[in-house]
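First the structure, in the form of structure tokens, and then the observations on it.
The values are calculated or read from the model by the stated rules, or taken from the named source; none is laboratory data. Owing to the predicted nature of the structure, the values given are computational and were not obtained by experimental measurement. Because the Cβ atoms are built from the backbone with ideal geometry, glycine has one as well, and the counts that use them run over all protein chains shown. Ligands, DNA and RNA are stripped out before the accessible areas are found, and what is left, the full protein with its side chains, is counted by its heavy atoms. Shrake-Rupley method; radii C 1.70, N 1.55, O 1.52, S 1.80 Å.
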Amino acid sequence: MTVFKKLLATTATGLAGLLLATVVQAADISGAGSSFIYPVFSKWGAAYKEKTGVALNYQSIGSGGGIKQVEAGTVTFGASDKPLSDDELAKNGMIQFPMVMGGIVPMYNIDGVNPGELVLDGQTLVHIFDGTITSWNDPAIAALNKGLKLPAQAIVVVHRSDGSGTTFNFTDYLSKISPEWKDKIGADTAVEWPVGLGAKGSEGVANTVKQTAGAIGYNEYAYIVQNKLGFAKLVNAAGKVVTPSLDTFGSAASNADWAGAKNFHVVITNQPGDASWPIAASTWVIIHTDASKDPDAYKGALTFFDWIYKNGKQDAAALDYVAIPDNVSKLVESSWSAVKAGDQPAFTAMQ
Amino acid sequence: MKTSDASDDIAADGPAVPGPEAVADRSPRRHQARTKFGDRLFILLSRGSASLVVVVLGGVLVTLALGALPAFREFGPAFVWADRWSPAKDIFSAAAPIYGTLVTSAIAMVIAVPLSFGIAIFLTELCPAPLRRPIGVAIELLAGIPSIIYGLWGFFVLAPLMQSFVQPALIGTLGNLPGIGLLFRGAPYGVGMLTAGVVLAIMALPFITAVTRDVFATVPAMLRESAYGVGMTTWEVVRYIVIPYCRIGLVGGIMLGLGRALGETMAVTFVIGNSHRIAASLMAPATTISASIANEFTEATTPLYTASLIALGLILSAITFIVLGLAKWMIQRSKLH
């Protein structure tokens, strides 16, 4: 009998725990998408949970996957490094707005060349990635790196094998530099690479470059800093050699004309300015405007984003991401009035 | 333990020790009725299980075909042999992944089949008895290693070795030959079709070896001993007695290994280089059908992209069926002879 009672008690506790867990989960903010934004999202999420008790459940499955999931309605918001077109947004009844900006950096593994020593410009980068330049001691690279001893090593190009917003921004930059690249290959989350190896995910690219002698790839700056990998300096649109850093990413971001763009559709590669890093990138959050399915979830998500705009700048800077400037976040928050459950706006800004 | 359980069962259910209830059932008619019901239930269950296999297989094929339809409608049959994969321009075709799948599997077979036969011959004909079990167990353990582990090993250990030693050596020697040299030219990337083929060979090896060893063991001792008795060498016994006797089983073993190589995904994704191109050089990066699907499915943003990946899956199923069909046909033919 006592055994039975004990069993009953345990089951009851278990059930209660389960119920409680479901209740907590219902209040969670659910999102999926870009791996570019994942490091800073998890930092913001942890800080926000400490403050409010509301947790963020973000799956870093890639921009394309995030778009698919938010379209299907399995998550409240998606995050993408490639902005959706006006048509795509209108078709699904969604809006997008920028969450954070950062930099994409070429990384390399060349015998005898230390991190930060190599300088490349757009044209050379195009020719490395289209297979015209095949050796590290090519005259075009040597001309940019006087005094640097470059080995006669074959270049191994490494790109993403899965679709990726990082690839979109990188190929967008190459397309802006070279009309030929734009015509033949184009800019997208996955393209028809003329040469090189494909590796899955940001970590895959980082590891493959690390493993392969003579390799060059591209990655989010955070991965390069964490893995202590060789990164290149670039010649920007103003003809100046710039080092990847929070300052140069910020300079590129400050040139972005968010106010003048419909649906915040601005790609910030190859921006003007002496200090601008040429391959800067942004991540957009995508959300449905019809919040009637679960008004609380939408309210929770938008409140979280509002908190990020107001309190998330330092966390972003600590990870070398550039926060969205205040004037832009005001524009973003006014665009949220479109998110409604019935007639009721899902979010009303607290003064 | 097992044997005692079994004997208990027999004691409980068998007619030898009838329990008190069993006495009532002794009347032949009731007994018959009961067995009839049991038989019918048994037939129903086993027939159900068997038809479930057919239903599942049919369901999978229909789903694949329906999912692939938009791709075939857009690109036509040329989808199978055209050679472009451009997600940016929404143009897809299957030749590069098919080529990669077939070439890597072929490399794997070229390496694994002779090795497996050698191991099996050693184990059954030459190996001293105390070594037989440890080597056999080691090979079976090799089969139990998850494919992701092979992938990691291939990527972190094998690929750098290939890049710094094996591939430069091949390029420097075989690469200079006319004709066959085309297979061994280009830059040493480390990863590529050759590396993927080597990893696949190691993965297929235990399957082929296990089957081969078992069928070699089925050769009657009398045949073997008679052959030795008339003065044949070990090689002659293997060549003229053992292998001809086991032909069918050997084909089966090879096909089992080939099946594993064709469908392998994770290990290949690590070391194939994941690039949709057809290159003559075996050292060039390429892609296989399963690697493409695994890499790109989550990010297939347009409906046509998804459909093309599903179409790749359909083609892989077709290739596997053709391989299995060929195996069956070969077995049938060698039975007739």
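Kindly establish whether B:Ile107 is in contact with a helix residue (DSSP H, G or I) (Cβ under 8 Å, 6 or more places away or on another chain), over 30 Å from B:Ala221 (Cα atoms), part of a helix (DSSP H, G or I) and within 14 Å of another protein chain (Cβ to nearest Cβ). Judged against the criteria, B:Ile107 is not a match. Comparison of B:Ala96, B:Ala120 shows that the only residue that is more than 17 Å from B:Leu304 (Cα to Cα), touching a Phe, Trp or Tyr at 6+ places or on another chain (Cβ under 8 Å) and either free of Cβ contacts under 8 Å to residues at least 24 places away in the same chain or within 12 Å of another protein chain (Cβ to nearest Cβ) (or both) is B:Ala96. Restricting the first member to the range A:325-339 and to residues that are under 12 Å from A:His288 (Cα atoms), and the second to residues that are open to solvent by less than 70 Å² (accessible area, probe 1.4 Å) and in a helix (DSSP H, G or I), the beta-carbon pairs closer than 8 Å and six or more apart or on different chains are A:Trp336/A:Leu302; A:Val339/A:Tyr298; A:Val339/A:Leu302. Annotation note: Cβ proximity below 9 Å between a residue of the range B:264-288 that is facing chain A (nearest Cβ under 9 Å) and a residue that is surrounded by fewer than 24 Cβ atoms within 10 Å (Cβ to Cβ) and among the basic types (Lys, Arg) (sequence gap 6+ or interchain) occurs for B:Thr269/A:Lys200; B:Phe270/A:Lys200; B:Asn274/A:Lys200; B:His276/B:Arg84; B:Pro285/B:Arg277; B:Thr287/B:Arg277. How many of the residues in the range B:107-134 are open to solvent by less than 50 Å² (accessible area, probe 1.4 Å) and among the hydrophobic types (A, V, I, L, M, F, W, C)? Residues in the range B:107-134 being open to solvent by less than 50 Å² (accessible area, probe 1.4 Å) and among the hydrophobic types (A, V, I, L, M, F, W, C): 11 in total. Would you please name the residue that is surrounded by the fewest Cβ atoms within 10 Å (Cβ to Cβ), looking only at residues in the range B:162-171 that are among the aliphatic types (A, V, I, L, M) and more than 11 Å from chain A (Cβ to nearest Cβ)? In this case the residue turns out to be B:Ala169.
Examine the range B:67-87 for a residue that is among the polar types (S, T, N, Q) and assigned by TED's automatic domain parsing to the domain that holds B:Ile278, and state whether such a residue exists. Looking through the range B:67-87, at least one residue is among the polar types (S, T, N, Q) and assigned by TED's automatic domain parsing to the domain that holds B:Ile278. In the range A:218-227, is there at least one residue being under 20 Å from the mean Cα position of the chain (by Cα), assigned to a helix (DSSP H, G or I), among the aliphatic types (A, V, I, L, M) and surrounded by fewer than 21 Cβ atoms within 10 Å (Cβ to Cβ)? Yes: the range A:218-227 contains one or more residues that are under 20 Å from the mean Cα position of the chain (by Cα), assigned to a helix (DSSP H, G or I), among the aliphatic types (A, V, I, L, M) and surrounded by fewer than 21 Cβ atoms within 10 Å (Cβ to Cβ).
For every residue, the table says whether it meets (1) open to solvent by less than 10 Å² (accessible area, probe 1.4 Å); (2) closer than 20 Å to A:Lys43 by Cβ.
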residue	(1), (2)
A:Phe77	yes, yes
A:Asp81	yes, yes
A:Leu89	yes, no
A:Ile95	no, no
A:Pro98	yes, yes
A:Ile104	yes, yes
A:Asn109	no, no
A:Asn114	no, no
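When A:Gly260 is tested against the conditions (1) touching a residue at least 12 places away in the same chain (Cβ under 8 Å); (2) open to solvent by 40 Å² or more (accessible area, probe 1.4 Å), the lone failure is (1). Taking the range B:234-278 and the helices (runs of 4 or more DSSP H) fully enclosed by it, the elements with 3 or more residues that are more than 24 Å from the chain's Cα centre (by Cα) and assigned by TED's automatic domain parsing to the domain that holds B:Ser116 are at B:234-237. Residues in the range A:121-170 that are open to solvent by 40 Å² or more (accessible area, probe 1.4 Å) and of a type in the set (Ser, Thr, Tyr): A:Thr132, A:Thr134. When you look at B:Tyr189, is it surrounded by 13 or more Cβ atoms within 10 Å (Cβ to Cβ), touching a residue at least 40 places away in the same chain (Cβ under 8 Å) and over 17 Å from B:Ile111 (Cβ atoms), yes or no? Answer is yes for this residue.
Can you tell me which of A:Asp257, A:Asp183 is in a helix (DSSP H, G or I) and either more than 9 Å from chain B (Cβ to nearest Cβ) or under 30 Å from A:Ser334 (Cα atoms) (or both)?
The conditions single out A:Asp183.
Of all residues in the range B:288-308, those that are in a loop (DSSP other than H, G, I, E, B) and surrounded by fewer than 17 Cβ atoms within 10 Å (Cβ to Cβ) total 1. Residue under question is B:Ser317, and the condition is that it be closer than 30 Å to A:Glu71 by Cα and either under 21 Å from the mean Cα position of the chain (by Cα) or part of a helix (DSSP H, G or I) (or both); does it hold? In short, no. Being within 14 Å of chain A (Cβ to nearest Cβ) and open to solvent by less than 30 Å² (accessible area, probe 1.4 Å), is that true of even one residue in the range B:309-316? Yes: one or more hits. Of the residues making up the range A:116-154, just one is within 27 Å of the chain's Cα centre (by Cα), within 13 Å of chain B (Cβ to nearest Cβ) and assigned to a loop (DSSP other than H, G, I, E, B), namely A:Gly131.
Can you tell me which residue in the range B:62-87 is farthest from the other protein chains (Cβ to nearest Cβ), limited to those that are part of a helix (DSSP H, G or I) and among the small types (Gly, Ala, Ser)? Only one residue fits best here, namely B:Ala65.
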